[in-house]
Amino acid sequence: MVEKVEKQALATAMERILKQVEPQWLKEIRIQAWQRANQLELPRVDKIAYKDWPQFITSKTIIKQQKDIDAQQQIEYQLSNYADHYSKKLAKSMQEKGLKTYTFKEAIQLVPQILKDQLIKMLKQANTKTEAYQIALMTSGWLIKVPDNVEIDEVLTILTDQASDQQTDYCNQTIVILGKNSKLKIMHEIASTPQSASPTHIGVNITLHANAQLQYIGLDQLASNFGYLKRTAHLATASQLNWQLVDLSKGNLISECTSHLIGAGSESKINVISITSQQQQHGFNTKLLNYGHHSKGEINQRGVLLDASKLVFNGIGKIYHGAHGTYANQENRLMMLSSHASGDANPILLIEENDVVAGHAASVGQIDKQQLYYLMSRGLSKAMAQKLVVTGFLSKTIDSSIDQALAQRILGKIEEKLVNG
Amino acid sequence: MSTLVIRQLHVAIVDNETKKQTEIIKGLDLTINTGETHAIMGPNGTGKSTLSQAIMGHPNYIVTSGDILVDNVSLLAKTVDERARLGLFLAMQYPVEISGITNFEFMRAAMNAQRSPKEQLSIGNFMAELQRNLKMLNMSEAMLERYLNEGFSGGEKKRNEILQMMMLRPKFAILDEIDSGLDIDALQVVAQGVNALAGPKFATLMITHYQRLLDYIKPDYVHIMMDGRIVKTGTGALAQELEQTGYAHLRDELGLDIKLVDED
Ligand SMILES: Nc1ncnc2c1ncn2[C@@H]1O[C@H](COP(=O)(O)OP(=O)(O)OP(=O)(O)O)[C@@H](O)[C@H]1O
Ligand SMILES: [Mg+2]
């Protein structure tokens, strides 16, 4: 499906990357990934026909040359990655406790074995063209490692920022490894500065060892015409992962998030919030795969559609043979604020065991007129009433365990997107 | 003094599916001045709630003729929120539940909506006012952190309506069956809340089925509504009389040709 021009652009990018000074093992992984990519298909995202969108080609058109990332001014990111430029301002307490962070280039130098193992594992698991290209073409990212038995209470903030002046597509990978009984919270902001037309490919790969606990917040504010986000986690025994994904991107987007509940008693929650406006099309594949017995998974997706946008929530749950006593539940809800918008909430459940609890709920509806009337009857303008009802609807999907200040920041961003589109 | 005038009002309700209009209010006149307390009583399905919703401007209720005016200004072209900001308040028979918005957040937004951007309430003043009113209504602060009316018991919803009224201090408060679902003690508490607002700048229009509410909130006028009109107006004594004789008796006495819901 990839057009000829795209193929040509990709080949050029690959050639350039292979000319970089890099260890042989990495070049080999890249070449293998490249070969896999050429055999694999694009990811299947039900109800959204995205396969003809330009996804790989480097476009030199820049939509807007304006530095609009207020984020950097407000927050001192502990890890930031602006194009190929990295900056690190780890809190002292984090360093003292033994949190390790490496840029992609540092990881190649300092922890080649860990990086290599990860990439080989990721390549083995890659079953779509896009994933394989991401590995072949990655040029930036972070490797974050928490040693066994280390609990970090502060939030680690990460900024992944695409730069439009890059001639290549942006392929970034963040790898997170939590040792046994360890604990971490991550706030990962993904943005584009200045606004760029180049496609963005971002991967997040998480490994949780036994009893590890991670809270991952992803605040996505891409401005590229096309963004592909692939987040994957593997959970060992009794580990816990809460994903909180907030999609406020401005272009088209495919977002995939998967928790592999491998260990017995592992638990994962995936909360997704998305707002689409104008002509945007966003498709989500949100997956919970229960392998381990007594594992527990929950998907909660809520979206709001404005203008002529399109939003699809696919919620995919699979309980594998042998996963006794598991729990899998999902809720996918969409609120349409425009009659020109189109949305789909699409739960898919596949169950291979009997002694499990699994359920799903889905709804696609308009804003409740009685609720608007009630609020307006107390003097609130229609716009204000609508804002309250909509943010109320979305905020039910913000995990209550999230730090208050962060939750406020997320709500502020949500309101901004609702107002500005 | 402010005056709410309802003049020869006709209201139809539109069926959402068939779009068919049915006339419910059929030529109703009523004048309420601030400083006065009015009560409306009448059989089920007579149009009492319809009247209150039409005054507030609910989009499903269409005023087909007549007018509703506050101080000689017609409300008909005004939006619901404009009417509220002019001083109208409707405690609804069935308050709506809204998930995801806390009672606190909502009340603060409503209070500030009445005020210009420069005069927004400080959180301190707001809290002080809120706590005073909560206390009068025997409500716990925990109710503020809950989502708006979500999972509230029938009586809690009614108290919450009165709390909003006390915070917003309207000129004209329409209380649609504020007494239904309240236990005996709660009835007194709610009445206290309403009476606390009484004064020359405040008028109440209570819709009720029970004479007992009128023991606690003393009306100056009692109106009996049947088939979309006010058929008789009197004082508190009229309500007591009616309790004895019933609506059918009154209808026959007035020689009206109306079928009541509970007749066969
Ligand atoms: N949304 C609606 N759709 C259809 N019919 C309606 C609607 N609202 C009101 N009606 C009808 O209008 C008539 C008057 O209703 P209304 O609720 O005003 O009565 P009421 O006097 O308040 O009765 P009650 O004492 O039972 O509260 C009733 O026959 C009712 O069924
Ligand atoms: Mg009624």
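The values are calculated or read from the model by the stated rules, or taken from the named source; none is laboratory data. Given the structure is predicted, the values throughout are model-derived calculations rather than measurements. Don't worry about glycine lacking a Cβ; one is built from the backbone with ideal geometry, like all the others, and counts go over all protein chains shown. For accessibility, only protein heavy atoms count, side chains too; no ligands or nucleic acids. Shrake-Rupley method; radii C 1.70, N 1.55, O 1.52, S 1.80 Å.
Things worth noting here:
- Conditions (1) surrounded by fewer than 20 Cβ atoms within 10 Å (Cβ to Cβ); (2) part of a helix (DSSP H, G or I); (3) more than 14 Å from chain B (Cβ to nearest Cβ); (4) touching a Ser or Thr at 6+ places or on another chain (Cβ under 9 Å): number failed by A:Lys413: (4)
- The range B:122-143, subset assigned to a loop (DSSP other than H, G, I, E, B) and open to solvent by 10 Å² or more (accessible area, probe 1.4 Å), residue farthest from A:Val389 (Cα to Cα): B:Asn138
- Boolean, A:Val364 is open to solvent by 20 Å² or more (accessible area, probe 1.4 Å), touching an Asp or Glu at 6+ places or on another chain (Cβ under 8 Å) and under 18 Å from A:Asp307 (Cα atoms): yes
- Residues of the range B:145-156 satisfying the condition of being modelled with pLDDT of 95 or more and open to solvent by less than 40 Å² (accessible area, probe 1.4 Å): B:Leu148, B:Asn149, B:Phe152
- Among the residues of the range A:280-301, the one identified as surrounded by fewer than 20 Cβ atoms within 10 Å (Cβ to Cβ) and assigned to a strand (DSSP E or B) is A:Glu298.
- Residues within the range B:171-211 that are within 16 Å of ligand 1 (Cβ to nearest atom) and not in a strand (DSSP E or B), tallied: 10
- Here is the figure for the range B:1-19: residues that are of a type in the set (Ser, Thr, Tyr) and more than 16 Å from B:Ile68 (Cβ to Cβ) total 1.
- Criterion (more than 21 Å from B:Thr3 (Cβ to Cβ) and at pLDDT 95 or above) met by exactly one of B:Gly199, B:Gly181, B:Gly228: B:Gly228
Rundown of residues vs (1) more than 18 Å from the chain's Cα centre (by Cα); (2) closer than 21 Å to A:Pro199 by Cβ; (3) surrounded by fewer than 18 Cβ atoms within 10 Å (Cβ to Cβ), yes/no style:
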residue: A:Leu99; (1), (2), (3): yes, no, no
residue: A:Lys105; (1), (2), (3): yes, no, yes
residue: A:Val111; (1), (2), (3): yes, no, yes
residue: A:Gln118; (1), (2), (3): yes, no, no
residue: A:Leu137; (1), (2), (3): yes, yes, no
residue: A:Ile144; (1), (2), (3): no, no, no
residue: A:Ile152; (1), (2), (3): yes, no, no
residue: A:Thr160; (1), (2), (3): no, yes, no
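- Yes/no for B:Ile13 being within 15 Å of ligand 2 (Cβ to nearest atom) and open to solvent by 30 Å² or more (accessible area, probe 1.4 Å): yes
- Some residue of the range A:223-245 being at pLDDT 95 or above and within 20 Å of A:Lys310 (Cβ to Cβ): yes
- Of all residues in the range B:23-55 being under 19 Å from B:Val194 (Cα atoms) and within 15 Å of ligand 1 (Cβ to nearest atom), the one that is farthest from the other protein chains (Cβ to nearest Cβ): B:Met41
- Selection from the range A:262-279 of residues that are surrounded by 22 or more Cβ atoms within 10 Å (Cβ to Cβ), in contact with an Asp or Glu (Cβ under 8 Å, 6 or more places away or on another chain) and without any contact (Cβ under 8 Å) to a residue 60 or more places away in the chain: A:Ser268, A:Ile270, A:Ser274
- Restricting attention to the range B:56-104, the residues that are more than 27 Å from B:Asp179 (Cβ to Cβ), touching a residue at least 60 places away in the same chain (Cβ under 8 Å) and within 9 Å of chain A (Cβ to nearest Cβ) add up to 0.
- Residue, nearest to ligand 2 (Cβ to nearest atom), within the range B:212-236, restricted to residues that are buried (at least 18 other Cβ atoms within 10 Å of the Cβ) and part of a helix (DSSP H, G or I): B:Leu213
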